[in-house]
Amino acid sequence: MPKLSRSGQCCQTVKCNTKTSNGHHNHVDFPFRIKDVQKESCGCEGFGLYCDNELGLLLELPYAGNFTVEYILFYSSRKILISDPSDCLPQKLLHLDLMTTPFRRSRSAEYRIYNCSEYEYPVGFSYEEKIDCLSGLDYTVISQSSSFIGDRNTNPNCTFVKQVSVPIENLYSSKSYLSSYSSVYLTWDGCETCGKNLHISILFF
């Protein structure tokens, strides 16, 4: 169980003590809250975080599961940086659905995903890559930047799986390969009508 301590009443300082935080302090304020520690009134719906003793703060998103919260940019900019605790972010992005969450993409980069049946199927061009963490013994998962006009649908050994929209901070942060992303930014709109006078501070130690 994570080590959690409370100071005063709900919405005051909460300490999330982790084994891997190395003294890093991460201040989290409204609209976020720690689930199972603070009341729902301490944050807005959809902004609940979990405190894990090993991984620190976690954000659970529908269908994609838990993401590690790397940090939350100062609240005037409303940006949260998240990553995959299992180090296979493409797997998370395949299932990421923000429709029922308060979060959204500021901008996105598009990639097509293919499942090719041949083992070690050759990647033919510089705009393609094999995604190791999604591939198996008898199949290879390939990502292809959607900026390229061709696709692998013409190859009988490859089946189109899905188009993935990767949240990016700005146009200059787009990458050539899907697996090059180790973390992604999300943003959210304000929820000032929900407890705007409440205050939460969550610290990593």
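Checking each residue in the stretch 69-78 for being assigned to a strand (DSSP E or B) and surrounded by fewer than 17 Cβ atoms within 10 Å (Cβ to Cβ) picks out Glu70, Tyr71.
This table checks each residue for (1) open to solvent by 50 Å² or more (accessible area, probe 1.4 Å); (2) over 20 Å from Asp189 (Cα atoms).
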residue	(1), (2)
Asn66	yes, yes
Leu81	no, no
Cys88	no, yes
Arg107	yes, no
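Residues in the stretch 174-191 that are assigned to a strand (DSSP E or B) and surrounded by fewer than 17 Cβ atoms within 10 Å (Cβ to Cβ): 1 in all. Would you call Lys162 modelled with pLDDT under 85, among the basic types (Lys, Arg) and either within 26 Å of the chain's Cα centre (by Cα) or assigned to a strand (DSSP E or B) (or both)? No; evaluated as a whole, the condition is false for this residue. The residue that is nearest to Asp132 (Cα to Cα), among those in the stretch 90-105 that are free of Cβ contacts under 8 Å to residues at least 60 places away in the same chain and open to solvent by 40 Å² or more (accessible area, probe 1.4 Å), is Gln91.
Examine the stretch 52-68 for a residue that is part of a loop (DSSP other than H, G, I, E, B), modelled with pLDDT of 80 or more and more than 30 Å from Ser143 (Cα to Cα), and state whether such a residue exists. Checked against the condition, which is being part of a loop (DSSP other than H, G, I, E, B), modelled with pLDDT of 80 or more and more than 30 Å from Ser143 (Cα to Cα), the stretch 52-68 yields at least one hit.
State yes or no: is Val14 among the hydrophobic types (A, V, I, L, M, F, W, C) and at pLDDT below 90? Taking the combined requirement at face value, the residue satisfies it.
Mind checking which residues of the stretch 48-64 are touching a Phe, Trp or Tyr at 6+ places or on another chain (Cβ under 9 Å) and either open to solvent by 20 Å² or more (accessible area, probe 1.4 Å) or within 17 Å of Pro167 (Cβ to Cβ) (or both)? Passing the criteria: Leu59, Glu60, Leu61.
The values are calculated or read from the model by the stated rules, or taken from the named source; none is laboratory data. Please read all numbers here as calculations on a predicted model, not as lab measurements. Neighbour counts are summed over all protein chains in view; Cβ atoms, including those assigned to glycine, are modelled from backbone coordinates with ideal geometry. Protein only, heavy atoms only, side chains kept; ligands, DNA and RNA dropped before computing areas. Shrake-Rupley method; radii C 1.70, N 1.55, O 1.52, S 1.80 Å.
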